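Down below is the structure, laid out as structure tokens.
Rule-based calculations on the coordinates, nothing more; no lab input. Computed from a predicted structure; not experimentally measured. Neighbour counts run over all protein chains shown; Cβ positions are idealised from the backbone, glycine included.
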Amino acid sequence: MAGALLAMAGAVLARFTVGPSFRKDLARWVEVDLDAPLAASASFSRVVLEYETRDAWMAGRARKPAYVRLGEDGEVVALSAECTHLGCTVSWDAAHGQFKCPCHDGRFDSQGRAAGGPPSAPLKRHRAKLEDGRLYLSTDARAPGDESGETA
């Protein structure tokens, strides 16, 4: 009986001590600043998501670059600027209509699909919404087709 009580107390203590390190912030909407209003275009504008983060007992500030454009259908396309190969920051090359990674010559087409070099996965996408002329992106970038997760 004493052993069972000790084991239960140990499990509760371990959950309290280690558990928060596995907890992640819920995704949330962050307003991003645009240099100019979005207009339907084949070219992308670079924006930066800046927001407070909390992981276990640590708080910090995240800065994540992304690229946005307004599609012909009026939907906002928002792609993460993080290369899916090793996490380098990609840049938009308007002259060639593609994203380029400076680290290992990775390339992605205008839809974010891998188009050359080592990356085999597409760029992740941020959910986006326009409200009263303001652009909001979700803090969680996901692989295309992945609709799992929650947004606060």
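Structure data summary
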read-out	value
Subset of region 35-72 (residues that are part of a strand (DSSP E or B), under 17 Å from residue 98 (Cβ atoms) and of a type in the set (A, V, I, L, M, F, W, C))	66, 68
Enumeration of residues in region 73-119 that are farther than 13 Å from residue 43 by Cα, free of Cβ contacts under 8 Å to residues at least 40 places away in the same chain, charged (D, E, K, R) and in a strand (DSSP E or B)	100, 107
Residue, surrounded by the fewest Cβ atoms within 10 Å (Cβ to Cβ), within region 31-71, restricted to residues that are among the charged types (D, E, K, R) and under 21 Å from residue 95 (Cβ atoms)	35
